[in-house]
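Undergrad: Submitted below is the structure of interest, expressed as C-alpha cells.
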Amino acid sequence: RVKNLHNSDVGYYRADLDEVARQRRTMVVELARAIDDDQFELYYQVQKNVQTREIVGYEALVRWRHPERGMVSPMEFIPLAEHSGLIIPLGEHVMRMACRDAAAWPRPYKVAVNVSPVQMLDDSLPRLVEQVLDETGLDPKRLEIEVTESTLVADPDHTVRILKAVRALGVSVAMDDFGTGYSTLASLSLFPFDRIKLDKAFLAEIDRSPQAKAIVQAVLTIGKSLNIPVLAEGVEREDQMTMLHEEGCMEAQGYLLGRPAPSIDLPDVVVPLRLVERAG
Ligand code: C2E
Ligand code: MG
Ligand code: MG
Ligand code: MG
C-alpha cells in the first residue's frame, strides 16, 4: 500500500503534505485540551545589568509538557496557537501564571511576558492585564509586556492605543527582537517603548561581522538618544559581555547569565524564599 502511494515524486510530496497537515490538526486539538489539562509551564530567564550584574528581572517563556512528546518548544506551538486563535486563551493563561509566580517571589523583580501580535487585534489586552494584576496583587510596575515590531505593522493606530492603555495601568512595554522586522525604526517613532531588546542574531555575529558590530553600536546610540535602555539578547560568552560593557549597553540576557528555569528553581528567587519559609 505504502509502496504504491510513494512510487513517484508527486506521491512523496503529497504524502508528506498530508502528514504535515494531519500532524498540525492533531496538535491544534491537543493544544486546545492542554490548557484545561494544565500542561503549560512557565520557565524564567534572568535579565541582568551589564555593569553591576544585578538582576533586573525575569522573562517568562512558555513550555508545553506534552504527555507523549515531552517538552515542546514555543517555536513549534506558538505559531499554531496564533493561526488557530488559541493564543487568546493561552496568552491569558500565561499572563495569569506569570503574575501569580512573580507575586510570590520574595524579591520584587520585574517579570516580562511575551504578547503575540494576535493578542493585539482586539481590545481585550488592557482589560486582561488589569484583571490579572487585580487578582494576583502584583505591583503593575513589576510587569512588562514584550511585543515585536510586527505588532505595529497591521494597524499602528489601534496597536498604539492598546499599548497606551496597558502603559496607563503602570505596566511597561518592551520591544522584542529589535532589528529583525521590516519597520524597525518606524516602530520606535510610533510608540515610546520602555526598553529595546536587541535580537540575539546581532550578538551571535558580533565578533565575526563588522556589520553586526556596527548595528549593535547604532542601536545603542539610538537607545541613548531616545533615552530608552537597550537589553542585548542571546549573550553566551564572557567576551560578548565585555564588548557590551565597553559599548555602554545597559542590560543583557542569555545562557551565560542564566538558562530559562522553573520559578522554584531560580537561585536568586528560591534561596531567599526558602529562608523566608524557614524563618516564618
Ligand atoms: P523571545 O521572546 O525572543 O525569547 C528569547 C528566546 O531566546 C527564548 O527561546 C530563550 O530560551 C532563547 N535564549 C535565551 N538566551 C539565549 C542564548 O544565549 N542563546 C540562544 N541561542 N537562545 C537564547 P524560547 O523559550 O524557545 O522562546 C522562543 C520564542 O517563543 C520567544 O522568543 C517568543 O517569541 C516565543 N514565546 C515564548 N514564550 C511565549 C509566550 O508566553 N507567549 C508568546 N506569545 N510567545 C512566547
Ligand atoms: Mg521575548
Ligand atoms: Mg527576543
Ligand atoms: Mg523571538
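Laboratory data are not the source of any read-out in this text; all were calculated from the coordinates shown. Bear in mind that the values here come from a model prediction, so they are computed numbers and not experimental data. Cβ coordinates were reconstructed from backbone atoms using ideal geometry, including for glycine residues, and neighbour counts include every protein chain displayed.
Undergrad: So what J values fall out for the range 66-77 if you push phi through Karplus, 6.51 cos²θ - 1.76 cosθ + 1.60 with θ = phi - 60°, rounded to Hz, Gly and Pro as x?
TA: In residue order, the calculated couplings are 6, x, 9, 8, x, 5, 9, 6, x, 5, 7, 9 Hz.
Undergrad: Can I ask one more? Could you tell me how many cubic angstrom of Cα convex hull volume the range 79-169 has per residue? Intermediate values should be presented prior to the final figure.
TA: Details: hull volume 7.8 nm³, N = 91.
That works out to 86 Å³ per residue.
Undergrad: Would you be so kind as to identify which of 241, 160, 225 lies farthest towards the positive end of the dipole of the chain, taking Lys and Arg as +1 and Asp and Glu as -1 on Cβ and the Cα centre as origin?
TA: Positive-end residue among those listed: 241.
Undergrad: Using a Gaussian network model on the chain with a 10 Å cutoff between Cα atoms, which of 149, 251, 19 fluctuates the most?
TA: Taking springs between Cα atoms under 10 Å, the residue moving most is 19.
Undergrad: Running a GNM on the chain with Cα contacts under 10 Å, which residue among 80, 138, 203 ends up with the highest mean-square fluctuation?
TA: Among 80, 138, 203, the largest mean-square fluctuation in the Gaussian network model of the chain belongs to 80.
Undergrad: Can I ask one more? Provide the three semi-axes, in whole Å and in decreasing order, of the ellipsoid equivalent to the range 145-236 as defined by the square roots of 5 times the Cα gyration tensor eigenvalues. It would help to have the intermediate numbers written out before the result.
TA: Details: eigenvalues 120, 34, 26 Å².
Working from the Cα gyration tensor, I get semi-axes of 25, 13, 11 Å.
Undergrad: Give the percent of DSSP beta bridges with both residues in the chain that are antiparallel, rounded to the nearest 5. Show your work: numbers first, answer last.
TA: Working: 17 of 39 bridges.
If we restrict to bridges inside the chain, about 45 percent are antiparallel.
Undergrad: Can I ask one more? Explain nothing, just the number: dipole magnitude of the chain about its Cα centre with +1 on each Lys and Arg Cβ and -1 on each Asp and Glu Cβ, in debye rounded to the nearest 20. The partial results should precede the final answer.
TA: Values: 32 positive and 43 negative charges, 49 e Å.
In debye, rounded to 20, the chain gives about 240.
Undergrad: While we're on this one: Report, in deg cm²/dmol and to the nearest 500, the calculated mean residue ellipticity at 222 nm for the chain, where each DSSP H run with n ≥ 4 adds -39500 (n - 2.57) and the sum is divided by the residue count.
TA: On the way: 11 runs with 140 residues, N = 280.
Mean residue ellipticity, 222 nm, calculated: -16000 deg cm²/dmol.
Undergrad: Tell me whether the range 182-249 comes out rounded, prolate or oblate; compute the Cα gyration tensor, take square roots of the eigenvalues as a ≥ b ≥ c, and use a/c under 1.5 as the rounded threshold. If you can, show how the numbers build up before the last one.
TA: Values: a/c = 2.03, a/b = 1.65, b/c = 1.23.
In terms of gyration-tensor shape, prolate.
Undergrad: Lysines near residue 164 by alpha-carbon distance under 28 Å, same-chain residues fewer than 8 away left out - which ones?
TA: Correct list for residue 164: 48, 110, 141, 197, 200, 224.
Undergrad: Using θ = phi - 60° and the Karplus relation 6.51 cos²θ - 1.76 cosθ + 1.60, list the HN-Hα couplings for the range 213-222 in order, rounded to whole Hz, with x at every Gly or Pro.
TA: Running phi through 6.51 cos²θ - 1.76 cosθ + 1.60 with θ = phi - 60° gives 5, 5, 5, 4, 4, 5, 5, 5, 5, 4 Hz.
Undergrad: Please state, to two decimals, what the Cα-based radius of gyration of the chain comes to when divided by 2.2 N^0.38 Å (N = residues). List each step's numbers first, then the result.
TA: Values: Rg = 20.7 Å, N = 280, 2.2 N^0.38 = 18.7 Å.
Here the answer is 1.11, to two decimals.
Undergrad: Give the long-range amide H neighbours of residue 66: residues separated by 5 or more places, or on another chain, with amide H under 5 Å away, using H modelled in the peptide plane at 1.01 Å from N.
TA: Residues meeting the criterion, in which the H sits 1.01 Å from N, are 71, 72.
Undergrad: Please report, in cubic angstrom per residue, the volume enclosed by the convex hull of the alpha-carbon atoms of the range 12-75.
TA: Values: hull volume 7.3 nm³, N = 64.
Given the Cα convex hull of the range 12-75, per-residue volume reads 114 Å³.
Undergrad: Between Rg and the Kirkwood Rh of the range 16-170, both from Cα atoms, what is the Rg to Rh ratio?
TA: On the way: Rg = 16.6 Å, Rh = 16.7 Å.
On the Cα set of the range 16-170, Rg over Rh gives 0.99.
Undergrad: Next question. For the range 34-76, run through the GluC sites (Glu not before Pro) and keep only the ones in DSSP coil with at most 13 other Cβ atoms within 10 Å of their Cβ. Intermediate values should be presented prior to the final figure.
TA: Values: sites: 41, 54, 59, 68, 76; in loops: 54, 68.
Answer in residue order: 54, 68.
Undergrad: Each residue of the range 240-246 in turn: what ³J(HN,Hα) in whole Hz from Karplus with 6.51, -1.76, 1.60 and θ = phi - 60°, glycine and Pro shown as x?
TA: So the Karplus estimates, Gly and Pro as x, are 5, 4, 4, 4, 4, 4, 4 Hz.
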